[in-house]
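The values are calculated or read from the model by the stated rules, or taken from the named source; none is laboratory data. Small disclaimer: the values here were computed from a predicted structure and weren't measured. Backbone-built Cβ (ideal geometry, glycine too); neighbour counts: all protein chains shown.
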Amino acid sequence: MKHKLLASIFAGFLALFSVSVFAQNAAPLADRHVQKGQNCAACHSENPPAKAVPTEKCQSCHGGFEAMKEKTKDLKPNPHYTHMGDQPCEECHKGHQPSVNMCSQCHKIELKVK
């Protein structure tokens, strides 16, 4: 009986967590990289991975700050051109967790962060 109750509670928690994660993004950033043929070592230099991927590694594939500002120039506001200056990619883009809209911590700006 106790195990069934714990299993029910865990299943409920898992369902709520899954809904909140997938409401923000269809798949975590790492999963989308895997779908495009990248393995863990494409982003992580240590094995097993222990740290967030540094901005320089992101930029080696996606381009520097200026390239990202240009790629997102048609978005209003442009999330890569801000009064905060050039921010580390990992401030918004999370590899194994839902990405976050850091702008919304101070502003009422809705951005879909991938």
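Would it be correct to say that Leu75 is in contact (Cβ under 8 Å) with a residue 12 or more places away in the chain, out of contact with any Asp or Glu (no Cβ under 9 Å at 6 or more places or on another chain) and surrounded by 15 or more Cβ atoms within 10 Å (Cβ to Cβ)?
no
Would you check if there is a residue in the stretch 33-48 being in a loop (DSSP other than H, G, I, E, B), in contact (Cβ under 8 Å) with a residue 12 or more places away in the chain and under 16 Å from the mean Cα position of the chain (by Cα)? Checked against the condition, which is being in a loop (DSSP other than H, G, I, E, B), in contact (Cβ under 8 Å) with a residue 12 or more places away in the chain and under 16 Å from the mean Cα position of the chain (by Cα), the stretch 33-48 yields at least one hit. Taking the stretch 61-96 as the range and being assigned to a loop (DSSP other than H, G, I, E, B) and in contact with a Cys (Cβ under 6 Å, 6 or more places away or on another chain) as the test, no residue passes. Considering the conditions (1) at pLDDT 95 or above; (2) assigned to a loop (DSSP other than H, G, I, E, B), Cys58 is excluded by exactly one of them, (2). Do we find that Ala30 is surrounded by 13 or more Cβ atoms within 10 Å (Cβ to Cβ) and in contact (Cβ under 8 Å) with a residue 60 or more places away in the chain in this structure? So Ala30 fits the description; yes. Look at Thr82 and say whether it is modelled with pLDDT under 90 and surrounded by 13 or more Cβ atoms within 10 Å (Cβ to Cβ). Yes; evaluated as a whole, the condition is true for this residue. Got at least one residue in the stretch 70-84 being within 18 Å of the chain's Cα centre (by Cα), among the basic types (Lys, Arg) and closer than 18 Å to Asn101 by Cβ? Yes, the conditions are met somewhere in the stretch 70-84.
Output the residue which, of all residues in the stretch 85-107 that are surrounded by 14 or more Cβ atoms within 10 Å (Cβ to Cβ) and among the small types (Gly, Ala, Ser), is farthest from Lys69 (Cα to Cα). Checked the stretch 85-107; the qualifying residue farthest from Lys69 (Cα to Cα) is Gly95.
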